[in-house]
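Quick notes on the structure that follows.
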Amino acid sequence: MTKTTFSELGLAVPLLRALSAENYSEPTPIQAQAIPLLLDGGDLMGLAQTGTGKTAAFALPILQRLAEAKKRPEARRPRALILAPTRELAIQIGDGFKAYGQNLKLRHAVIYGGVGQNPQVKALNRGVDILVATPGRLLDLMQQGHLLLDKATTLVLDEADRMLDMGFIHDVRKIVAKLPVKRQSLLFSATMPRDVAKLAAEILNDPRRVEVAPSATPVELIDQKVYFVEAARKRDLLEDLIREQSMFRVIVFTRTKHRANRVAKQLGQAGITAEAIHGNKSQNARQRALEAFRKSKVQVLVATDIAARGIDIDDVTHVVNFELPNEPESYVHRIGRTARAGASGAALSFCDPSERAYLRDIEKLIKMSVEVVEDHSQRTSRASEPSKEDMKKPARQQQRRPSKRRRRPPRGRQPKRAA
Ligand code: AMP
């Protein structure tokens, strides 16, 4: 079977020339699937994350359709709107439009918060075909009357899951309400939790769904284990394992932001340095936490799936799934944080009785069963809460607590492990 080419997808010559200038020799799977149906004007729901080539998948057809319509942009009235959750992503998308549109006479602007608004207002006044924006600043400028969306007949919501995780849902709804009803709408998301599916149903009209599989992670390289444990005992188990296995660069995953905060706080109280990162924290706070982790000033990073995406840190020795993800693909993403560049790594999962079904889904996806650690419940019976003295000691001195070992029941008389 011959591979599809960009020209077979129906792209015009100026775009094909730009793609050769960028040295793109063939379309990625999401591009091959999305471009023809977007050129046809349909709505799209794309399940894909950054790194799959999704920016070109939506930017190329948008550029082509805008160029074909041969309209000039009016001041303050963009013809296409791309919403992105963060400044970094907005800039990246703007760079994509610049590269792919290098042979077209279309104008684009990128607007985001945290910087002065005047240059952005000036750009809007000159008239832009394509506007890439973060929701907060966009609403702000709309409310000040610098911008109208009544001519924006194309809408892209990029990284929708992250957008919602960062609390932009109300802003997004307000923005979408100002767009013409007759429009082409696209939504991209790496995961499809219920709130994203609901938003997609509100915004998209009879969308085609395009999905690209997460990149294959060599899960075989990772030493995976599961601990069956009651939810209430996970905290103690985590503390014990961190100490007993001398884990020094650990990422702990939770399903919710609230839990991430709680776990980080509890670890801190037990004398283990930890920071939580999730969508409710400001970009700067997340950056600071990551730096501290990178420089080994913090031993444990507690993260939600979405906040952890894009984190590129080497030498993560352990990934701990404090809670199993309800989407099995997230498990693969999570454990892929360790065993980078051929290094070995360990992934430990805590599975309480309510999470058994998640574990089954994960094992089905990775096509292997995860080794169960037996006989660990004695560690979690907290006969020895850290004493006040312990709490004052630095984590290193606390790693072995002989008193606890003495109190452990002899083998053969251990309590049964939690189911
Ligand atoms: P994205 O997922 O849109 O962030 O793209 C990921 C990276 O892949 C970017 O650096 C793009 O420049 C690059 N890229 C996108 N499409 C192609 C392609 N067809 N061939 C080669 N590189 C590509």
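For this structure, a couple of remarks:
- Hits in segment 39-90 - residues which are in contact with a strand residue (DSSP E or B) (Cβ under 6 Å, 6 or more places away or on another chain), hydrophobic (A, V, I, L, M, F, W, C) and closer than 14 Å to residue 109 by Cβ: 80, 81, 82, 83, 90
- Flag if residue 171 is under 21 Å from the mean Cα position of the chain (by Cα) and over 22 Å from residue 302 (Cα atoms): yes
- Total residues in segment 139-159, condition within 22 Å of the chain's Cα centre (by Cα) and modelled with pLDDT of 95 or more: 4
- Consider segment 41-74 and keep the residues that are open to solvent by less than 50 Å² (accessible area, probe 1.4 Å) and assigned to a loop (DSSP other than H, G, I, E, B). The one that is farthest from the ligand (Cβ to nearest atom) is 73.
- Criterion: within 26 Å of residue 283 (Cβ to Cβ) and out of contact with any helix residue (DSSP H, G or I) (no Cβ under 8 Å at 6 or more places or on another chain) - qualifying residue of 193, 119, 180, 135: 119
- Residue 32 over 30 Å from residue 122 (Cβ atoms) and within 11 Å of the ligand (Cβ to nearest atom): yes
- Residue count for segment 132-148, restricted to those that are crowded, with 22+ Cβ neighbours inside 10 Å and within 11 Å of residue 76 (Cβ to Cβ): 1
- Meets criteria (of a type in the set (D, E, K, R) and open to solvent by less than 40 Å² (accessible area, probe 1.4 Å)) for residue 129: yes
- Failed condition for residue 275, given (1) touching a residue at least 24 places away in the same chain (Cβ under 8 Å); (2) open to solvent by less than 60 Å² (accessible area, probe 1.4 Å): (2)
- Of all residue pairs spaced 6 or more apart or on separate chains, those with beta-carbon atoms under 6 Å, a first member in segment 27-43 that is assigned by TED's automatic domain parsing to the domain that holds residue 66 and a second member that is of a type in the set (Lys, Arg) are 30/54; 37/208; 42/208.
The values are calculated or read from the model by the stated rules, or taken from the named source; none is laboratory data. Everything numeric in this text was worked out from a predicted model, so none of it was measured. Counting neighbours? That spans all protein chains shown, and the Cβs are built from the backbone with ideal geometry, glycine included. Keep in mind that these areas ignore ligands, DNA and RNA; they rest on the heavy atoms of the full protein, side chains included. Shrake-Rupley method; radii C 1.70, N 1.55, O 1.52, S 1.80 Å.
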